[in-house]
1. Find the helices (runs of 4 or more DSSP H) located wholly in region 99-203 whose residues include 3 or more that are over 16 Å from the mean Cα position of the chain (by Cα) and touching a residue at least 40 places away in the same chain (Cβ under 8 Å), and list them.
2. Which ones in region 32-71 are crowded, with 17+ Cβ neighbours inside 10 Å, hydroxyl-bearing (Ser, Thr, Tyr) and more than 12 Å from the chain's Cα centre (by Cα)?
3. Looking only at region 77-101, count how many residues are over 15 Å from LEU62 (Cβ atoms) and surrounded by fewer than 20 Cβ atoms within 10 Å (Cβ to Cβ).
4. Restricting the first residue to region 76-87 and requiring it to be over 15 Å from ILE168 (Cβ atoms) and touching a residue at least 40 places away in the same chain (Cβ under 8 Å), which pairs with a second residue that is in a helix (DSSP H, G or I) and within 8 Å of the ligand (Cβ to nearest atom) meet a Cβ separation below 7 Å and a spacing of at least six or different chains?
5. Please go through region 214-225 and pick out each residue that is more than 16 Å from the chain's Cα centre (by Cα) and open to solvent by less than 40 Å² (accessible area, probe 1.4 Å).
6. Looking only at region 145-167, decide whether some residue is open to solvent by 70 Å² or more (accessible area, probe 1.4 Å), of a type in the set (D, E, K, R), within 21 Å of LEU36 (Cβ to Cβ) and modelled with pLDDT of 95 or more.
Amino acid sequence: MPAEQVSDPSSKRDRGVFITVEGGDGAGKTTLARSLAECLGRAGRPVRLTFEPGGTELGVRLRSLVLDPELEMNDWMETWLFLAARASHVHDVLLPAIAAGELIFSDRFTDSTLAYQGYGRGLDLDRLRRLNAEATNGLTPDLTLLLDVPAEVGLARTRARSSVADRIGDADLAFHERVNSGFRGLASEHAERIRLIDASRAESEVLIDALSIVNEWLDARERAT
Ligand code: TYD
């Protein structure tokens with residue numbers, strides 16, 4: 001039997017862990033991901049932090065196009081730009097990091113496309129699922145932390161920290177409410193993967209919950225391998 005076909009009992013254990021952090025605008029994902037990385041790093045579990053749209057040079061350039069309020073595009077064009085950024089992120093960052101056994105946190109991934117372009121813009125969800133699968137080569141997160149905050153609270157937070165307009169953040173409240181209820185729907189559909197966290201609380205409380213979810217998940221995985 002060729003060497004690559006020999007089943008290696010350590011392969012599952014050596015594979016990296018891919019965790020995503022999702023939520024509506026202003027839910028506090030970026031702050032949480034940074035704090036988690038700091039705490040886990042101190043506990044001897046170094047984390048690679050990455051984000052979408054972005055994560056690669058191509059992704060960062062696509063991000064500036066898709067969020068540019070001066071550019072007009074229809075909802076599918078917007079979707080293709082997010083998907084192109086994702087394909088580059090998966091190919092250049094996520095798959096190599098997973099193969100290298102890293103612990104990865106991505107600020108947004110496929111669920112954002114379903115919530116924003118599917119539930120928010122009203123595009124066909126099954127088509128978006130198929131396109132996500134193509135852009136990611138079938139890669140799905142091991143665990144997703146979903147930060148849930150009422151849309152008006154999230155938007156007030158983002159508007160307080162930046163006056164720079166962005167094509168999606170500036171959409172109306174009803175759009176952001178559809179996005180949030182879409183995220184909650186995804187959490188009940190994928191209860192085994194997506195953990196809902198009440199993010200209207202203080203940052204420290206959100207961090208405690210998120211840390212205990214991640215640590216429990218990592219411990220359970222260690223016991224299973
Ligand atoms: P992000 O930088 O995470 O914004 P914020 O920190 O304000 O939440 O994401 C930028 C915007 O892109 C955000 O409004 C969500 C949107 N987005 C989509 O609409 N679809 C997607 O697939 C992704 C990844 C992001």
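1. Output list reads 151-161, 173-189.
2. SER35, THR56
3. 7
4. Final answer for the pair search is none.
5. Just the residues of region 214-225 that are more than 16 Å from the chain's Cα centre (by Cα), to begin with: 215-225.
The one that is more than 16 Å from the chain's Cα centre (by Cα) and open to solvent by less than 40 Å² (accessible area, probe 1.4 Å): LEU218.
6. Checked against the condition, which is being open to solvent by 70 Å² or more (accessible area, probe 1.4 Å), of a type in the set (D, E, K, R), within 21 Å of LEU36 (Cβ to Cβ) and modelled with pLDDT of 95 or more, region 145-167 yields no hits at all.
The values are calculated or read from the model by the stated rules, or taken from the named source; none is laboratory data. All of these numbers come straight from a predicted model, not from anything done at the bench. Please note: Cβ atoms are built from the backbone with ideal geometry, for glycine as well, and neighbour counts cover all protein chains shown. Protein only, heavy atoms only, side chains kept; ligands, DNA and RNA dropped before computing areas. Shrake-Rupley method; radii C 1.70, N 1.55, O 1.52, S 1.80 Å.
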